[in-house]
1. What residue among W167, P216, L324 has its Cα farthest toward the positive end of the dipole of the chain, where the charges are +1 on Lys, Arg and -1 on Asp, Glu, each on the Cβ?
2. Of the listed values [x] 44, 30, 25; [y] 38, 28, 23; [z] 40, 34, 28, grab the one calculated as semi-axes √(5λ) of the Cα gyration tensor in Å from the structure here.
3. Where only protein heavy atoms count, and the probe is 1.4 Å, what is the accessible area per residue for the chain in Å²?
4. When the Debye formula is applied to the Cα atoms of region 149-202, each taken as the same point scatterer, what base-10 log of I(q)/I(0) results at q = 0.19, 0.27, 0.30 Å⁻¹?
5. Note down the magnitude of the dipole of region 1-134 about its Cα centre, charges +1 on Lys and Arg C-beta and -1 on Asp and Glu C-beta and zero elsewhere, to the nearest 20 debye.
6. For the chain, what is the mean residue ellipticity at 222 nm derived from helices alone (per DSSP H run of n ≥ 4: -39500 (n - 2.57); sum divided by total residues; nearest 500 deg cm²/dmol)?
7. As a test of the definition: which semi-axes, in Å, follow for region 159-282 when you take the square root of five times each eigenvalue of its alpha carbon gyration tensor? Largest first, please.
8. Taking the Cβ of K215 as the centre, find all other residues whose Cβ is under 13 Å away and add up their charges (Lys, Arg: +1; Asp, Glu: -1).
Amino acid sequence: PRRPLVKTRNKAYLEELKYADMPKVLKAVNAAQDTAWRINEPVLKLITELAKRDSELGGVPRATHYAIPEKPKDIDSNEESRKKYRARARSIHEANVNLTSQRISFLTVLETAKKYAEYDEFFCPAQLDFRGRVYFMPQLNPQGPDWIKGLLEFSDGVALGDYGLEWLKVHIANLFGVDKVSYSERVAWVDENTEMLCAIADDPYDNLQWAEADKPFQAYAACFDLDLALGSENPEEYISRIPIALDGSCSGIQQLSMAFRDTVGGAAVNILPSDKPSDIYQLVADATLAVLKELSAQIEPVAQSTQDGEKEVTPIAALAQWWLDFGITRKHTKRNCMTFPYGSKQRGFSDQILEDILNPHIKEHGDLKFNPMLLSNLLAKINYQSVKQIVLKASEAMDWMQQAARMVAKEGRPVCWTTPLGFPVVQNYLCTKEARVETSLAGERNSRVVLYNCVSVGVFQ
């Protein structure tokens, strides 16, 4: 079916877009849609084979459900044993429900890829969201998860030339997680591991190092391409079709730091020259660890309402020590950092920590020693303070924009602005409220519930 340029239900906004002067925006969308893709046959073969097996290599959803654990013998007489069994069984049941959904989506895209493999090229239609960000519409698209990205390659290949092989090596190092060192060190890592990388291309079933990469299927695709390039008579003339990814470092903070000439925040997200890349997630993790170590020496209590409404008081030092024993790394601060420039606050940080860290830990190891809310709230508070400390100017800018948005929302109006490219942005978040009204019909009074929308306070995203 036909789709509008911008994904929105606001018909007035769509009408306004017809008269917007934004040639560069339209040129960009057309360039994205005009890029020809094709299916990477070796990756398709690998994923198809894994789909037949009960494999989870590279993050592929397994073919069979997880087994529900056997009931303990004392389940009828032991309350604690019964609770633990039910919690474990519930978590596995939820995992199986999610697995079913993932498997359906996985097989649907895989079948599409098999059909598209018959063609030399295909194209992905795109839409904008209300902020002007480009999104491809099909499930099989270059913005998908790693295994979908690995399935795709450019239809129009380009000879590697003078610098292509070097960039291919940088790309491979990035995919294997060797991305916190200089470009020359990344190239050197590939040169040192060429034999292993080519072995992966020759037999990905016996050489499973690709499955441990940060982006497994893209890593396999790149290894296969490297093997072909090095095996050719002249690597400079080898035609490569692999997309070389250049990722931003927490792009939301990058943009705010650039806009406000913030040298501290800018250095943390790599918009200033540096021999080695900075890692804002690790910087926040280091700052968080320093605070946790200070707190672990204190004995002040912290009170938090539990779901049952009761108060649980736990020494803050014990909570801090729990996190220190657990071990804080960059992966425990990454999502918090990434969502911060999108308006995520301390409460949002806490929800993310529960979802990403504590709930999976509980499923794997059972109940925690402390109330999970106490743990997540403490780490969220420290993470939030650490991020604001590192990206101070971006934080100040966000505070100002959110205050401005509240003033606009109080007038019952959406927050609107026009980007430098001429794209009109209308940020019109609506919240639904209920109201009970008295009506008369045929001489009888009736009470009815009606729903109406109100403009919510804008959070710049």
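1. Value: L324.
2. Computed from these coordinates, semi-axes √(5λ) of the Cα gyration tensor in Å corresponds to label [z].
3. Here the per-residue accessible area is 59 Å².
4. The computed values of log10 I(q)/I(0) come out as -0.76, -1.15, -1.18.
5. Approximately 360 debye in magnitude.
6. -15000 deg cm²/dmol, from helical runs alone.
7. Rounded to whole Å, the semi-axes are 31, 16, 12.
8. Values: positive: K149; negative: D146, D179, E212, D214, D247.
Summing Lys/Arg as +1 and Asp/Glu as -1 gives -4.
The values are calculated or read from the model by the stated rules, or taken from the named source; none is laboratory data. Model, not experiment: these values are computed from the prediction. Using ideal geometry, Cβ is built from the backbone for each residue, glycine included, and neighbour counts are taken over all protein chains shown. Surface areas here come from the heavy atoms of the whole protein model, side chains and all, with no ligands, DNA or RNA. Shrake-Rupley method; radii C 1.70, N 1.55, O 1.52, S 1.80 Å.
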